[in-house]
Amino acid sequence: MSGLSSDLGGRQRGVALITALLITALVTVVAVAMISRQQLDIRRTGNMLEADQAYMYALAAENFAIDTLRRDPSNVDTLLEDWARPLPPMPVEGGMVSGQIEDLQGRFNLNNLLGSNRRADPTQVRALQTLLQQVNRVTDDLNLPPAMANRVVDWIDPDINTSVDGAEDLEYLNINADRQIPYRTANQLMVSPSELALLLNMPSNGVGALRGRKLVSTLPAITTLNVNTAPPMVLMTLDQNITLQIASDLVQFRANQPFEQVSDFTDKLDTDYQIQMTTQAANRVSVRSEYFLVTATAAIGRTRLRMYSLLARIGGNITIIRRSFGTF
């Protein structure tokens, strides 16, 4: 009888030991899970704090840019002014911040393809075709057909009538569903140059070529072209007689002597190159800009943030049209 009691007691102690080990294992697993969750929460909180701090620094860079543009006393905007000098990376608490202001009226405004009557402007369509041809010549393995100009028109005009070599809703809705989801045209002005990627048969590297060379913009109104800031290929869109060599000469000339008036530019074309711009073309030219792009970059800890701000400087007021992050 005593042997049976002893054996039963040994079994109970064995069960108790196993139970204790299981409880210990469960507690250990729970503790490890809690610690891991706590570490993730700490990391997540840290990332959020860094992102908020980076955003605040980006806003500070934006405010600095606005103040720089507001203090610009000149009625002429050139690449020799203070606003055109990039803000180099500056150390701040926890990281670095930098910024840059760019004149968007030194680029071809794609929304200029529509005139004030919301119909295609043939002069501007030909100008964009000229720009596309020039980009093709200087970029390897790129084919931007001139028809892309008409496809931009159909993308932004309010009707659904397909222009010659263009594309409207019907063409986009007939896209092969195995390759791409069908969609419709915007039928409104472009908000970002990245919309070019949606155009029918746009080459995959075409958008990168236009944006990388800073040749196009999408401004919310019909704008003039600032001849003091436009690159050579964009200057060529003003007149079919302006060659790449002439445009490059004009850029080199303005580096030392910016054009103070539109007449200075047109007179130089007439005197030095025997190019007489039409009144309509001259009306598209300016030496002062209203729209600028501010790029603010902040690096705080592990967080990297890039903010783009579209500014409108009209009269003495500066308005933030929109902000975007990562891409513009």
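None of the figures in this text is laboratory data; all of them are computed from the coordinates on show. The model shown is predicted, which means the values in this text are computed figures rather than measured ones. Neighbour counts run over all protein chains shown; Cβ positions are idealised from the backbone, glycine included.
Numerical summary
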quantity: R0 of 30 Å, Cβ-Cβ distance Ile320-Asn187: FRET efficiency to nearest 0.05; calculated: 0.70
quantity: Extended-chain gain in nm, criterion 0.36 nm per residue less alpha-carbon gap, Thr24 and Ala60; calculated: 7.6 nm
quantity: Antiparallel DSSP beta bridges within the chain, percent to nearest 5; calculated: 90 percent
quantity: Acute angle (nearest 10 degrees) that the helix 244-254 long axis makes with the longest principal axis of the chain, alpha-carbon atoms; calculated: 90 degrees
quantity: Rounded, prolate or oblate (a/c below 1.5 giving rounded, otherwise prolate when a/b exceeds b/c) for the stretch 113-213 by Cα gyration tensor; calculated: oblate
quantity: Cα gyration tensor shape of the stretch 167-250, rounded if a/c is under 1.5, else prolate or oblate by comparing a/b with b/c; calculated: prolate
quantity: Which of Leu79, Leu311 has the fewest Cβ neighbours within 10 Å, and the rest in rising order; calculated: Leu79, Leu311
quantity: Sum of side-chain charges, Asn187 neighbourhood, beta-carbon under 10 Å (Lys, Arg +1; Asp, Glu -1); calculated: -4
quantity: Sorted by Cβ neighbour density within 10 Å, fewest at the top, the residues Val92, Val216; calculated: Val92, Val216
quantity: GluC sites (Glu not before Pro) lying in DSSP loop within the stretch 39-119, provided at most 13 other Cβ fall within 10 Å; calculated: Glu93
quantity: Structure-derived volume of the Cα convex hull per residue in Å³ - corresponding label in (1) 221; (2) 137; (3) 158; calculated: (1)
quantity: Pairwise centroid distance, computed over Cα atoms, of the stretch 51-108 with the stretch 159-213, Å; calculated: 32 Å
quantity: Cβ-Cβ FRET estimate between Asn174 and Asn283, R0 fixed at 51 Å, reported to 0.05; calculated: 0.80
quantity: Ranked Ile175, Ile242, criterion: other C-beta atoms within 10 Å, fewest first; calculated: Ile175, Ile242
quantity: In degrees, nearest ten, helix 262-273 long axis to first principal axis of the chain (Cα); calculated: 70 degrees
quantity: Cleavage-rule hits, trypsin sites (Lys or Arg not before Pro), the stretch 58-118, DSSP coil, Cβ neighbours within 10 Å at most 14; calculated: Arg71, Arg118
